[in-house]
Amino acid sequence: MIYFEEVYQHYAHGDAWRLPDGADTTLRELKDAGVKLAVVSNFDTRLRKLLKDLNVSDMFDAIVVSSEVGYEKPAPEIFKIALDQIGVEATNAVHVGDDETADKAGANAIGLQCWLWGADVKTFSEIRDQILTTDDPQ
């Protein structure tokens, strides 16, 4: 049990994590272009501190954590909460995730498009380019 606590505490700090290549630049470019950004996560209450430690929390207009709102992906409610917080309709948004069920099925259930990481998009610059070249308002 002590080992679990040590590991849990280790991953409660930003220095145990790193942003993927291109993530910071892409988030800043999208934010600067006026795109509303949100995190929708099944992580736990450590997430807000981690995002702050990684110096990216200020880029998000909403951070929706399942353990705080009482719904987990793929529940449509967690996606609806994020959309409500950023004031964007599902048809004018895209969710990027890595799980066919939790992300894609959950998002699609409310009419929210989902791009799966590694299948639909493979780099952060690809995400940026697809969002900024779309005709739909963000």
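Any read-out appearing in this document is the output of simple, stated calculations on the displayed coordinates, not a laboratory observation. All values reported here derive from a predicted model rather than from experimental measurement. For neighbour counting, all protein chains shown are included, and Cβ atoms are generated from backbone atoms with ideal geometry for every residue, glycine included.
Placing +1 at every Lys and Arg Cβ and -1 at every Asp and Glu Cβ, with all other atoms neutral, what dipole size does the stretch 1-91 have around its Cα centre, in debye to the nearest 20? Kindly include the intermediate steps, with their values, before the conclusion.
Numbers: 10 positive and 16 negative charges, 16 e Å.
Charge dipole of the stretch 1-91: 80 debye, to the nearest 20.
Please compute the contact order of the chain in relative form: average sequence separation of alpha-carbon pairs under 8 Å and at least six residues apart, divided by the residue count, as a percent. Could you put the intermediate results ahead of the total?
Values: 180 pairs, mean separation 29.6, N = 138.
About 21 percent, as a whole number.
Quick one: Karplus J couplings for the stretch 21-29, per residue in order, coefficients 6.51, -1.76, 1.60, θ = phi - 60°, nearest Hz, x for Gly and Pro?
So the J values, rounded to whole Hz, are 3, x, 5, 4, 4, 5, 4, 5, 5.
In whole Hz, with x marking every Gly and Pro, tabulate ³J(HN,Hα) for the stretch 123-131 from phi via Karplus 6.51 cos²θ - 1.76 cosθ + 1.60, θ = phi - 60°.
For the stretch 123-131, the Karplus-derived couplings read 9, 5, 5, 5, 4, 4, 4, 5, 6 Hz, x marking Gly and Pro.
Give a residue-ordered list of calculated ³J(HN,Hα) values for the stretch 48-59 (Karplus: 6.51 cos²θ - 1.76 cosθ + 1.60, θ = phi - 60°; whole Hz; x for Gly, Pro).
Per-residue couplings from phi come out as 4, 5, 4, 5, 5, 4, 8, 6, 10, 4, 5, 7 Hz.
How large is the helix-only mean residue ellipticity at 222 nm for the chain, computed as the sum of -39500 (n - 2.57) over DSSP H runs with n ≥ 4, divided by its residue count, in deg cm²/dmol to the nearest 500?
On the way: 6 runs with 50 residues, N = 138.
Mean residue ellipticity at 222 nm (helix-derived): -10000 deg cm²/dmol.
In the stretch 54-138, which GluC sites (Glu not before Pro) are in a loop and have at most 11 other Cβ atoms within 10 Å, using DSSP for the loop call? Can you show the working numbers first?
Values: sites: GLU68, GLU72, GLU77, GLU89, GLU100, GLU126; in loops: GLU72, GLU89.
Counting only loop positions with at most 11 other Cβ atoms within 10 Å, the GluC sites (Glu not before Pro) in the stretch 54-138 are GLU89.
What translational diffusion coefficient, to the nearest whole µm²/s, does the chain have by Stokes-Einstein, given a Kirkwood radius computed over alpha-carbon pairs, a temperature of 4 °C and 1.567 mPa s viscosity? Intermediate values should be presented prior to the final figure.
Details: Rh = 15.7 Å.
The Stokes-Einstein estimate is 82 µm²/s.
Identify all lysines with a Cα-Cα distance to LYS80 below 22 Å; exclude those on the same chain that are fewer than 8 residues away in sequence.
Once the sequence-local lysines are set aside, what remains near LYS80 is LYS31, LYS36, LYS104.
Under a 5 Å amide H to amide H cut-off, with H placed in plane at 1.01 Å, what residues pair with VAL39 once short-range neighbours are removed?
When sequence neighbours closer than 5 places are left aside, the close amide H contacts are ALA62, ILE63, VAL64.
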